[in-house]
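Taking it in order: structure first as structure tokens, then the write-up.
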Ligand code: MTE
């Protein structure tokens, strides 16, 4: 658990950094430089991550078990955003930190933290899910991210013809979590996704500098793809024309088939979860509003359905029209049945017609992309 002192220090640092950014922006705006600068816990006892994945804070966000009110934007606070780290959090001094963009580029780039803060930025609501999140687990959260589009930086560096891959290198490493000695966290994405406008280099979450455990000073945000590609504590971006052979690319985060075939995991699958009621919650009264979220990565959620005690699937109401990359709140007005124990399940379908499968693909030998319906048991009093 985080101590108050740590939190306090974080808040002070956030204030300091934001102040400096405003100062830098103002100084450069007056000389007309700013815009041009870059042209150059468990939920009642169930785990949240697949077995074998360790080193994370599992959380019950404040939204869990409480109502998603009509005026909340369904954003997770920074303190409640799930954390998944393979190694210990590197502490980075922003004065000394630099980001290098190299490999197959005509003009390698080296940027300081100030350069990053001064680049024209974008703000996007994006939902991030860990590939090892369990059905209904807390390994999914949403933030308002601010950062610069990666394509801007790649255009500045001038990518050479034939480049196919962009590798994100993180500053964290060691022997932890099964990795061979000397491994650092790194992941690669195809050049097309790197050049997509939705791929950001994010330096803020919900208007505050990235908290240390979420990648301060800069992280990738590969929107719509499982969390492992959103590499934190970025120090180098490498453009290449070869498949990346890093440990976390080849040995982890791969789909293993029973015939030994391995496939890279990338796009988030359609998924959903309950926010209320909680598992084993005792419900009183004849009317109860069931609520939750559904998400579908690069697709949109088209429908959410619930079933009670294995009966027929019934449509829930989506709160807003669904958008890509962001979860959608849904609700269902439940006229409660007889007193006693009941099982409720939720499943979503995306606009490409993919529904959450009722059972895990028996051909899968890994523990990633688990998206069978979230199933909870509740007691009606
Ligand atoms: N980046 C680095 N450098 N090291 C890591 O261990 N974990 C990845 C990704 N980026 C990781 C990383 C995984 S598996 C996930 S799910 C997301 O970060 C989690 O991001 P969060 O901890 O900010 O929620």
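The values are calculated or read from the model by the stated rules, or taken from the named source; none is laboratory data. Quantities reported herein were computed from a predicted structural model and do not represent experimental measurements. Heads up, the Cβs are rebuilt from the backbone with ideal geometry, glycines too, and the neighbour counts pull from every protein chain shown.
General remarks:
- Selection within region 190-209 - within 11 Å of the ligand (Cβ to nearest atom) and under 17 Å from residue 169 (Cβ atoms): 202
- A single entry from 117, 99, 134, 148 fulfils the requirement of being crowded, with 22+ Cβ neighbours inside 10 Å and closer than 24 Å to residue 190 by Cα: 148.
- Region 153-174, residues that are surrounded by 16 or more Cβ atoms within 10 Å (Cβ to Cβ) and within 16 Å of the ligand (Cβ to nearest atom): 166, 167, 168, 169, 170, 171, 172, 173
- Evaluation of residue 187 against the conditions (1) within 10 Å of the ligand (Cβ to nearest atom); (2) touching a helix residue (DSSP H, G or I) at 6+ places or on another chain (Cβ under 7 Å); (3) not in a strand (DSSP E or B) shows that the sole unmet condition is (3).
- Here the strands (runs of 3 or more DSSP E) wholly within region 76-147 that include at least 3 residues being outside the structural domain of residue 366 (by TED's automatic domain parsing) and over 30 Å from residue 374 (Cα atoms) are 98-103, 109-112.
- Qualifying positions in region 223-249 - part of a loop (DSSP other than H, G, I, E, B), within 12 Å of the ligand (Cβ to nearest atom) and within 20 Å of the chain's Cα centre (by Cα): 226, 230, 231, 232, 233
- Residue within region 193-213 that is at pLDDT 95 or above, under 14 Å from the mean Cα position of the chain (by Cα) and at positive phi present: yes
- In region 253-263, the residues that are within 14 Å of the ligand (Cβ to nearest atom) and either in contact with a helix residue (DSSP H, G or I) (Cβ under 9 Å, 6 or more places away or on another chain) or not in a strand (DSSP E or B) (or both): 253
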